[in-house]
Amino acid sequence: MAKNALRTRLCDMLDIEYPIILAGMGGMGGPVSGPELVAAVSNAGGLGILGCAFLPPQKVEAMIKKTKSLTNKPFGVDTVLPGEVPQTGTTAEFKGELPSVASEQTDFVDKLREELGVPRPRGGKGYLSEMADDTVFSGDLFKEQIDVILEERVPVYAAGLGDPGFMVAEAHARGMKVIGVVGHVRAARRVARSGVDIIVAQGHESGGHVSRIGTMPLVPQVVDAVAPIPVVAAGGIGDGRGLVAALALGAVGVWCGTVFVGTYESIYEDYLKQRIVDGTEDDTQVSRVITGKQARYMKNRLIAAWEKTGLPTLPLPLQPMLILPILDGAYEARMADIVPAPAGQIAGMINELKPAKQVVEEMVEGAKRVLAELSPN
Ligand SMILES: Cc1cc2nc3c(=O)[nH]c(=O)nc-3n(C[C@H](O)[C@H](O)[C@H](O)COP(=O)(O)O)c2cc1C
């Protein structure tokens, strides 16, 4: 019985062995879930998802091709589709706008960089160095990313933010599945109407962009709102107990980020991985300082200083442009207490780095144990 409980509808839909999805993790600093991590999770029986948010289309294509060379199993690609970004524009143009729209914040960031002891960026490998030089944050770029993903017929596309409705019919025509990630019931209803195949309900406990609602209340409400569309739970899930809890809430599987950051295969600076290994459940904080949207990171001095000011943040893409001199300088100097480290509240459960395969295996074994304990006969 325990074995069958883990063989959910999600496994049949995605042709995977276990209902465990590696969350798409891009983040401003470049991909965290890259080809090696994605292939390791897919080869272990879950579904790996490449984090391609904000990456130039050529880089998205290269990552997909690399992943195809590392696994024959299904995998996916995640990008974000924030509605508020300009349709077109280059990074240089967005930066150029800053002094006129946010002079107070620009002056403040200069002073803050000095106060925090962050050296001026020397133009080396900066925080956004994996990104395109231009159109990183425009609607046109987001569409170009989708064109590549459709062209490559990646088995699964996940929209980490926003509504992928415009591409669902084309994806289905190519035999692909589409996932919408949401943090509220309202957004879940919207992406359900757009025809997505699977909805990820991502709660407040998550690393990266967060909902205001906790995973425990969010998941069943989304399940009820979008039935019969299958729902996957995200946020604060890092072991077999979390997997069983998600199934008990009506989800058909889990979408996990932070637990896979704590693997050898994740692309994450070693000193930032160490912060997660050393961190407790109380060492993360939600802030808008990096992207302008609420996101959860390991606590650091930049976030603490920004939150103290009470200054309003700017919308995408202006906030990252504003804060970039601090990020670049800190990144070059490897300042672990300044460089943002997105991570969720399960950071306290990660006490050592592991191979991704082991994370999947332990989650499955742990879930089987819990299921057996819950129904001993
Ligand atoms: C390092 C990191 C980077 C992330 N980047 C993205 C991203 O680019 N796109 C996205 O949809 N979600 C992103 N997320 C959120 C994850 O997809 C996922 O929803 C979240 O990690 C789930 O919560 P957990 O961290 O408690 O497992 C990121 C999370 C982390 C920890």
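The values are calculated or read from the model by the stated rules, or taken from the named source; none is laboratory data. This one's a predicted model, so the numbers in the text were calculated from it and none came from an experiment. In this analysis, Cβ positions are derived from the backbone assuming ideal geometry, glycine residues included, and neighbour counts consider all displayed protein chains. With ligands, DNA and RNA removed, areas are computed over all heavy atoms of the protein, side chains included. Shrake-Rupley method; radii C 1.70, N 1.55, O 1.52, S 1.80 Å.
To keep it simple, each residue is scored yes or no on (1) out of contact with any Leu (no Cβ under 8 Å at 6 or more places or on another chain); (2) closer than 26 Å to Lys95 by Cβ; (3) among the aromatic types (Phe, Trp, Tyr).
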| residue | (1), (2), (3) |
| --- | --- |
| Asp270 | yes, no, no |
| Gly279 | yes, no, no |
| Asp283 | yes, no, no |
| Ala304 | yes, yes, no |
| Glu307 | yes, yes, no |
| Gly310 | yes, yes, no |
| Leu318 | no, yes, no |
| Leu322 | no, yes, no |
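Considering only residues in region 110-138 that are at pLDDT 90 or above and not in a loop (DSSP other than H, G, I, E, B), the one that is most open to solvent (accessible area, probe 1.4 Å) turns out to be Glu115.
In this entry, Ala246 passes the filter for residues that are closer than 17 Å to Lys368 by Cβ, free of Cβ contacts under 8 Å to residues at least 60 places away in the same chain, within 12 Å of the ligand (Cβ to nearest atom) and not in a loop (DSSP other than H, G, I, E, B).
Cys256 versus (1) over 18 Å from Val360 (Cα atoms); (2) open to solvent by less than 10 Å² (accessible area, probe 1.4 Å): which is the lone unmet condition? Here Cys256 meets the rest and fails (1).
Selection of strands (runs of 3 or more DSSP E) fully inside region 1-103 by the criterion of at least 2 residues being farther than 21 Å from Asp147 by Cβ, open to solvent by less than 70 Å² (accessible area, probe 1.4 Å) and touching a residue at least 40 places away in the same chain (Cβ under 8 Å) returns 20-22.
Just the residues that are crowded, with 20+ Cβ neighbours inside 10 Å and of a type in the set (Lys, Arg), please, taken from region 259-295. Scanning region 259-295 gives a single hit, Arg275.
One line per residue, one yes/no per condition, for (1) among the small types (Gly, Ala, Ser); (2) within 16 Å of the ligand (Cβ to nearest atom); (3) in contact with a His (Cβ under 9 Å, 6 or more places away or on another chain); (4) not assigned by TED's automatic domain parsing to the domain that holds Cys11:
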position	(1), (2), (3), (4)
Glu36	no, yes, no, no
Ala53	yes, yes, no, no
Glu61	no, no, no, no
Leu70	no, no, no, no
Leu98	no, no, no, yes
Leu112	no, no, no, yes
Val118	no, no, no, yes
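A single member of Ser194, Ser266 is within 10 Å of the ligand (Cβ to nearest atom) and among the polar types (S, T, N, Q), and it is Ser266. Could you tell me whether region 212-233 includes any residue that is within 28 Å of Ala39 (Cα to Cα), under 18 Å from the mean Cα position of the chain (by Cα) and small (Gly, Ala, Ser)? Among the residues of region 212-233, at least one is within 28 Å of Ala39 (Cα to Cα), under 18 Å from the mean Cα position of the chain (by Cα) and small (Gly, Ala, Ser), which makes the answer yes. Going through (1) touching a helix residue (DSSP H, G or I) at 6+ places or on another chain (Cβ under 9 Å); (2) among the hydroxyl-bearing types (Ser, Thr, Tyr); (3) modelled with pLDDT under 90; (4) open to solvent by 80 Å² or more (accessible area, probe 1.4 Å) one by one, Thr106 falls short only on (4). Residues in region 325-356 that are assigned to a helix (DSSP H, G or I), open to solvent by 10 Å² or more (accessible area, probe 1.4 Å) and more than 15 Å from Thr280 (Cα to Cα): 4 in all.
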